[in-house]
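Colleague: Supplied in structure tokens, the structure appears directly below.
The values are calculated or read from the model by the stated rules, or taken from the named source; none is laboratory data. Here the structure is a predicted model, which means the values were calculated and not measured. Cβ atoms come from the backbone with ideal geometry, glycine included; neighbour counts cover every protein chain shown.
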Amino acid sequence: MTSITPRTWWFTGLSGAGKTTLSHAWAHHLHPQPLMLLDGDELRRGLCSDLGFSDADRLENVRRVAHIARLANAAGLHALVALVSPSRDGRTLAKEIVGGQQFREIYVSTPLEVCQQRDTKGLYRRARNQEPIGLTGVQSPYEAPCCQTWTSTPMR
């Protein structure tokens with residue numbers, strides 16, 4: 001593969017949709033290009049551990065990750081971001097921060113029922129038990145992209 005301009009590949013969708021899996025597959029496709037994987041779960045345990053799940057905190061989470069992606073691109077790295085990023089406004093902000101020419105949004109359009117069946121983190125079970133965890137798609141909204149995105153619908 002010849003060298004290409006570093007881009008940010010922003011995988012968005014519900015918890016359990018397959019964002020991390022697809023970002024890892026895309027990393028394999030981009031090999032040997034230099035890249036950085038930015039996984040929402042890992043970032044929430046570290047850099048963004050001070051944030052909750054209010055609308056303002058979710059937007060701040062997206063803002064921080066977008067800045068990291070921009071810095072990665074500036075350093076010559078592709079940034080592969082796997083982040084729920086539930087609001088269109090948040091994803092628009094990410095695109096503005098990264099830069100429209102570098103930003104590629106990939107909507108991982110997995111049906112809620114499939115995400116609930118996967119439930120590797122037990123989040124959907126907790127939401128069913130009425131725990132106030134702010135789970136996107138169940139207890140708080142997910143705004144699907146409306147235009148100019150790539151869509152991936154993973155197999156069950």
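Colleague: Only one of (1) out of contact with any helix residue (DSSP H, G or I) (no Cβ under 7 Å at 6 or more places or on another chain); (2) modelled with pLDDT of 95 or more fails for residue 105. Which number is that?
Modeller: Status for residue 105: all satisfied but (1).
To keep it simple, each residue is scored yes or no on (1) surrounded by fewer than 24 Cβ atoms within 10 Å (Cβ to Cβ); (2) touching a Leu at 6+ places or on another chain (Cβ under 7 Å); (3) charged (D, E, K, R).
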site	(1), (2), (3)
67	yes, no, no
77	yes, yes, no
80	no, yes, no
88	yes, no, yes
102	yes, no, no
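Colleague: Can you say whether residue 138 is in a loop (DSSP other than H, G, I, E, B), surrounded by 13 or more Cβ atoms within 10 Å (Cβ to Cβ) and among the aliphatic types (A, V, I, L, M), as far as the supplied structure shows?
Modeller: Answer is yes for this residue.
Colleague: Which numbered condition in (1) buried (at least 16 other Cβ atoms within 10 Å of the Cβ); (2) in contact with a helix residue (DSSP H, G or I) (Cβ under 8 Å, 6 or more places away or on another chain) is the only one that residue 126 fails?
Modeller: Every listed condition holds for residue 126 apart from (2).
Colleague: Please tell me if residue 22 is under 11 Å from the mean Cα position of the chain (by Cα), without any contact (Cβ under 8 Å) to a residue 60 or more places away in the chain and under 14 Å from residue 106 (Cβ atoms).
Modeller: Spelling it out, it is not the case that residue 22 is under 11 Å from the mean Cα position of the chain (by Cα), without any contact (Cβ under 8 Å) to a residue 60 or more places away in the chain and under 14 Å from residue 106 (Cβ atoms).
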